[in-house]
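Heads up, the thing below is written out as structure tokens.
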Amino acid sequence: MFYFSYINNKKILKSDLLDSVEHFFTTRETCIKSKEPEYEKIVFENKKDICEYLNISPQNLITPSQTHTANIAIAHSGQNNYPDTDGLITTESDIAIFLNFADCTPIIFYDKKQNIGAVSHAGWRGTAQKIAALTVKKLATEFNSGAKDIIAAIGPAISKCCYNVGEDVANQLLATVLNKNGLSEQHGEKIFVDLKGINKQQLLEAGVEQIDVCPYCTVCNNDLFFSYRKENATTNRHSAVLKLN
């Protein structure tokens, strides 16, 4: 179940499934990614607050250059260049990783048994490439994580109620899962797809059993989170943040 908490009296979102590790999804109040000039000071102050909250240095708050790929890298202290990367894995407790979203699906992964985690960015292209399942696979191949030991939290994203896509995109997304029940709806000529639900199904089919799915829609709950669709291609983002204990 998801619940709100606070950093310096500003709202963040957490999942109780991941309470054994430091994690959160930022909100409009705690934005740490924007290209808007009026957000420059806000982002600076929020990053400062988050680094103090996590007890890390600013250079160890690490984010990749996201380009809607299915590329997954392993983050390291002192390394801040991760081009064309939409998933980061962390094994180090002195760094925090974060990825950025504004309708796309954020997923935080944690293997409590081995104290290894990851964050992945699943837009429609990443979802079509099965980045969620690929993250599970990389955790298994690189670190011997068992799928049943991995906990996943799917964060705030555009929900089926608002995610109207073309037939080609819908077909690509639905082709990634065996069980398609309830993952799309057609209203007249419009097709609505459940991006969070498809990522959950990919994880289930990859063997992950513990999955928390956020109920918030970035379009419907635009007062809490940013929406690329609703806000005319805004550069503001909310983020998924993970730091190991």
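Listed values, structure above:
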| quantity | calculated |
| --- | --- |
| Between the range 158-226 and the range 70-92, the alpha-carbon center distance in angstrom | 26 Å |
| Trypsin sites (Lys or Arg not before Pro) within the range 1-91, DSSP loop, no more than 16 other Cβ atoms inside 10 Å | K35 |
| Per-residue HN-Hα couplings for the range 71-86 [Karplus 6.51, -1.76, 1.60; θ = phi - 60°; Hz; x = Gly/Pro] | 7, 10, 10, 9, 7, 9, 4, x, 10, 10, 10, 10, x, 6, 10, 10 |
| Under 5 Å, built H, 5+ apart or other chain: amide partners of I74 | I89 |
| Environment charge at A96 (Cβ cut-off 10 Å; Lys +1, Arg +1, Asp -1, Glu -1) | -2 |
| Under 5 Å, built H, 5+ apart or other chain: amide partners of K33 | R237 |
| Charge dipole (debye, nearest 20) of the chain; +1 at Cβ of Lys and Arg, -1 at Cβ of Asp and Glu | 100 debye |
| Residues with amide H under 5 Å from that of I7, placed H, sequence gap 5 or more | I12 |
| Neighbour count of at most 12 Cβ within 10 Å plus DSSP loop: longest GluC sites (Glu not before Pro)-free window in the chain | 1-188 |
| Selection of trypsin sites (Lys or Arg not before Pro), the range 95-156, meeting DSSP coil and at most 13 other Cβ within 10 Å | K113 |
| Surface/4 of the Cα convex hull for the chain, nm² | 12.2 nm² |
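All of the numbers you see were taken from the coordinates with simple rules; none came from a lab. Owing to the predicted nature of the structure, the values given are computational and were not obtained by experimental measurement. Backbone-built Cβ (ideal geometry, glycine too); neighbour counts: all protein chains shown.
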